[in-house]
Amino acid sequence: MSAGKNIDKSPKGFLFSELLTSIAERGMSLIDTRRYRREGDTVESLLKLCGLLLTSKGEASGIAMAREALALYRKLDEAQKSAFFSGVLERLEGDLDKAITAAANFVDAPSYTSLAVLNTATRPRCSVLLERLNQAPGGTLSLVRMREDLLDAMASDPGLAALDWQFVKLFSAWFNRGFLELRRIDWNAPADLLEKIMRYEAVHRLDSWDELRRRILPEDRCLYGFFHPRLEGEPLIFVEVALTDAVPESIGTILEREREELSADQATTAVFYSISNCQRGLRGIPLGSFLIKQVVTDLKSRFARLKTFVTLSPLPAYAEWLKARHEAGELAMPAACPDWDTFRAALDDPASDQNAEARRFVESTAAYFLSKARNDSGRIVDPVARFHLGNGASLERVNVLADPSPEAKANALGTMVNYLYAFNRIEENHEKFVNSGTISTSQRISRLANAAPMVHDSR
């Protein structure tokens with residue numbers, strides 16, 4: 001089954017890209033390639049070209065050099081990319097003598113002018129290089145892809161984190177809320193965009209066009225995404241929403257093939273059941289918090305009867321945490337399921353006499369895990385919980401065996417959780433969480449967490 005049309009580039013973005021390409025082509029005639037090309041050494045050629053780019057003053061030649069540099073970079077293999085990143089750090093550090101002089105001048109005569117000079121002097125040249133590379137046609141997307149390579153290289157060379165920090169700093173500015181465009185993506189969206197949605201879905205896999213159609217075509221299903229004007233046709237992050245008449249207890253009620261569709265004007269509850277980050281190169285850039293809040297606002301304006309906004313979220317770190325606490329002797333297992341294997345068997349068998357006790361055990365320990373457990377740095381253990389609680393949501397309900405998929409059983413014993421986004425309390429909850437670590441929970445979650453069979457509360 002096919003859907004959509006070929007992607008239609010926005011006129012403004014397309015014309016701007018064409019303009020940059022035209023300038024770059026004219027600028028190439030102004031560049032003496034002998035100044036940087038080194039036969040048989042692409043990395044050295046690229047580093048030389050980057051040095052020239054930093055000293056270039058002409059607009060056309062600068063754009064041309066940036067395009068040529070990115071083209072050379074794309075020819076590098078994995079080892080060469082790592083060598084390039086190391087070379088950038090080694091050769092393009094800040095000028096320490098200039099920074100020391102600027103600092104002394106600021107101390108002697110503090111002023112906004114001397115502070116500006118100090119800020120400029122302490123800025124690493126590698127940061128300036130990234131800005132210059134961004135001048136090239138398609139430069140922003142190329143830099144996002146470059147950071148993906150950098151993240152891979154950091155696995156074997158942690159020292160490259162200094163360069164990654166420069167990427168994060170720039171991307172945080174380039175991809176701030178003011179530059180993001182919220183779009184509702186429906187079945188009439190361009191075909192190549194829909195294909196990307198299928199490929200990027202990270203929570204509940206999309207294996208076919210039919211499955212995608214069931215998630216976005218009915219009037220009680222929505223999909224929203226953030227886009228950036230310099231990343232044509234590339235979603236940054238998207239959220240899938242189900243409009244229902246109750247808070248769901250399992251993902252099956254959302255994704256089942258044969259279900260009775262609900263008229264959108266009868267819906268009282270909006271369920272955010274899947275959030276997928278599309279660009280690994282933007283890892284660490286806070287896109288999701290903006291997305292949910294804006295989608296809540298949009299849904300409230302479109303559907304007057306919507307009163308409740310919740311998630312149906314996974315607990316990706318719960319099973320590992322629970323087993324570790326059991327093995328450390330920090331957890332009292334149910335009397336009917338004294339060991340891990342017996343507990344798992346009872347939980348997975350609804351006909352077992354011990355099933356009800358196993359389910360109660362999961363519900364209470366999951367509530368404790370989400371609201372009280374901390375890692376070694378004092379943070380909430382579960383990354384999804386950190387995201388939603390930091391975003392202003394409250395812990396509403398734990399749903400045992402809500403997702404029977406093998407991955408969910410391995411990561412969370414099939415457990416899912418509802419986070420509630422109470423529109424008039426989002427900012428208050430956010431402030432309490434980020435300032436004092438206070439978590440907003442329902443009374444049921446609090447009771448379950450307090451009743452969890454923890455031997456002690458060290459972790």
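The values are calculated or read from the model by the stated rules, or taken from the named source; none is laboratory data. The model shown is predicted, which means the values in this text are computed figures rather than measured ones. Neighbour counts are summed over all protein chains in view; Cβ atoms, including those assigned to glycine, are modelled from backbone coordinates with ideal geometry.
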Selection within the stretch 351-365 - buried (at least 20 other Cβ atoms within 10 Å of the Cβ) and of a type in the set (A, V, I, L, M, F, W, C): A358, F361, V362
Residues satisfying the stated conditions in the stretch 288-328, i.e. buried (at least 17 other Cβ atoms within 10 Å of the Cβ), among the hydroxyl-bearing types (S, T, Y) and either touching a Lys or Arg at 6+ places or on another chain (Cβ under 7 Å) or under 21 Å from F226 (Cβ atoms) (or both): T311, S313
Segments classed as helices (runs of 4 or more DSSP H), wholly inside the stretch 94-163, with at least 1 members that are closer than 30 Å to R280 by Cα and within 23 Å of the chain's Cα centre (by Cα): 125-133, 139-154
Residue that is surrounded by the fewest Cβ atoms within 10 Å (Cβ to Cβ) [pool: residues in the stretch 240-264 that are touching a residue at least 60 places away in the same chain (Cβ under 8 Å) and farther than 15 Å from E219 by Cβ]: G252
Which numbered condition E407 misses (of (1) under 21 Å from T438 (Cβ atoms); (2) modelled with pLDDT under 95): (1)
The stretch 52-79, residues that are of a type in the set (G, A, S) and in a helix (DSSP H, G or I): A60, S61, G62, A64, A66, A69, A71, A79
Tally of residues being assigned to a strand (DSSP E or B) and buried (at least 19 other Cβ atoms within 10 Å of the Cβ) across the stretch 369-382: 1
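Residues of the stretch 258-274 being in a loop (DSSP other than H, G, I, E, B) and out of contact with any Lys or Arg (no Cβ under 7 Å at 6 or more places or on another chain), which ones? Walk me through it before giving the result.
Quick first cut of the stretch 258-274, residues in a loop (DSSP other than H, G, I, E, B) only: 258-263, 267-268.
Within the stretch 258-274, E258, R259, E260, E261, L262, S263 meet the criteria.
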Flag for S111 being of a type outside the set (A, V, I, L, M, F, W, C) and surrounded by 17 or more Cβ atoms within 10 Å (Cβ to Cβ): no
Residues of the stretch 164-201 classified as surrounded by fewer than 17 Cβ atoms within 10 Å (Cβ to Cβ) and part of a loop (DSSP other than H, G, I, E, B), total: 4
Selected residue (only one of N375, N411 is closer than 25 Å to I292 by Cα and polar (S, T, N, Q)): N411
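Could you identify the single residue in L231, L206, L217, L193 that is in contact with a helix residue (DSSP H, G or I) (Cβ under 8 Å, 6 or more places away or on another chain), assigned by TED's automatic domain parsing to the domain that holds I285 and within 28 Å of I251 (Cβ to Cβ)?
Among L231, L206, L217, L193, only L206 is in contact with a helix residue (DSSP H, G or I) (Cβ under 8 Å, 6 or more places away or on another chain), assigned by TED's automatic domain parsing to the domain that holds I285 and within 28 Å of I251 (Cβ to Cβ).
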Residue match in the stretch 301-322 (condition: over 24 Å from the mean Cα position of the chain (by Cα), hydroxyl-bearing (S, T, Y) and under 30 Å from C337 (Cβ atoms)): no
Matching residues, the stretch 415-459, being polar (S, T, N, Q), modelled with pLDDT under 90 and farther than 22 Å from D376 by Cα: N424
Conditions (1) under 24 Å from G138 (Cα atoms); (2) surrounded by 15 or more Cβ atoms within 10 Å (Cβ to Cβ); (3) more than 27 Å from the chain's Cα centre (by Cα); number of the one not met by Y73: (3)
